[in-house]
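Heads up, the thing below is written out as structure tokens.
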Amino acid sequence: MSRVIISPTWRENFVGLLLVLLGGLFITSLTWIVRSVADDVHPLQAAFMRYGFGTLLLLPLVLKFERTDFELKLLGGHFLRGVVHAISVLLWFYAVTKINLTDLTALSFTSPVFVTIGAFLFLGESFSYRRLAGIVIAFLGAVVILRPGIEVISIGAFAILISSPFQAVSTLVAKHLARYTSIYAMVFYLSLFVTMISLIPTLFVWNNPSLHTVGLTFAAGVMATAAHFCWSKSFQIAELSFTQPGFYFTLIWAVAIGYFAYDEWPDIWSGLGAAIIIGATAYIAGRERRAAVLEKFEGERT
């Protein structure tokens, strides 16, 4: 049965934004685990183990599948998402061990720009200059953070720059699938196909992990699975162009983890960039709220 979402209410968009924030907290916490096991296993193997454990955890969800979740046409869409998401994930796991968390998070902010443009071009979402302005200003905040410290693009930064458009494609495909498939199928198929695809490069770098590494990557699987539940639900109830600025708040989580776990002190540029990002996100949410109230008022008058 089709789940076409038409003009989500402001409340639905706001809940979707909160889910994005929660998912971002889980994913950012994942960076600590990836760094912690880097001396034992290759980042590509860590990515495979994270998704492998996640798939095992998600197996019971198959019992909750609807009949349409098994349709071959939808399976093709899930597989396509798995391919592009696997490329993005493998590049991200590699970059985590090469650059600091603030730079990693800030560079990943290019993805929402691609998502917002794609949602307008391919998903038919309404175009809003306020939303676009919020995205662009938030992105400029990320540039402010990076500009003072980057002279030559490192291999880790380059990996994230390549990862971002693949992540955007994964998000756009997920938004399309959310209309026709259950949230359980979206989360399970993503984990399954990324596990299968990431196994290929992992075979070339495999190293027998310690029990400590196994435990940490299992915890990573739990956190990342929870994050994808949050994001998948957000895809179903809210517009992408409204919720994407919420990903910029992950910068706060990244700065906190970098400070407490790795003694990475944020400088004045990090503070200024974070302020720009938060201000842009708050602006877009506030303007959308006022627009929704005004539209409701005008409707009642007529």
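The values are calculated or read from the model by the stated rules, or taken from the named source; none is laboratory data. Model, not experiment: these values are computed from the prediction. Every residue, glycine as well, gets a Cβ built from its backbone with ideal geometry; the counts of neighbours run over all protein chains shown.
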Task: Flag if residue 172 is in a helix (DSSP H, G or I), modelled with pLDDT of 85 or more and farther than 20 Å from residue 247 by Cβ - done: no
Open item on the list: Just to be sure I understand, how many residues within segment 44-68 are in contact (Cβ under 8 Å) with a residue 24 or more places away in the chain and over 23 Å from the mean Cα position of the chain (by Cα)?
Closed with: 5
Open item on the list: among the aromatic types (Phe, Trp, Tyr), part of a helix (DSSP H, G or I) and surrounded by 23 or more Cβ atoms within 10 Å (Cβ to Cβ): is that true of residue 188 in this structure?
Closed with: yes
TODO: Take segment 70-121 and flag every residue that is surrounded by 22 or more Cβ atoms within 10 Å (Cβ to Cβ) and aromatic (Phe, Trp, Tyr).
DONE: 92, 93, 109
- [ ] Quick one: which helices (runs of 4 or more DSSP H) lie wholly within segment 34-115 and hold at least 2 residues that are modelled with pLDDT of 90 or more and touching a Leu at 6+ places or on another chain (Cβ under 8 Å)?
- [x] 43-58, 72-96
Open item on the list: Suppose we keep only residues that are over 16 Å from the mean Cα position of the chain (by Cα) and closer than 13 Å to residue 89 by Cβ within segment 201-235. Which one would you say is surrounded by the most Cβ atoms within 10 Å (Cβ to Cβ)?
Closed with: 202
TODO: Could you tell me whether residue 157 is over 30 Å from residue 61 (Cβ atoms), buried (at least 18 other Cβ atoms within 10 Å of the Cβ) and either at pLDDT 75 or above or not aliphatic (A, V, I, L, M) (or both)?
DONE: yes
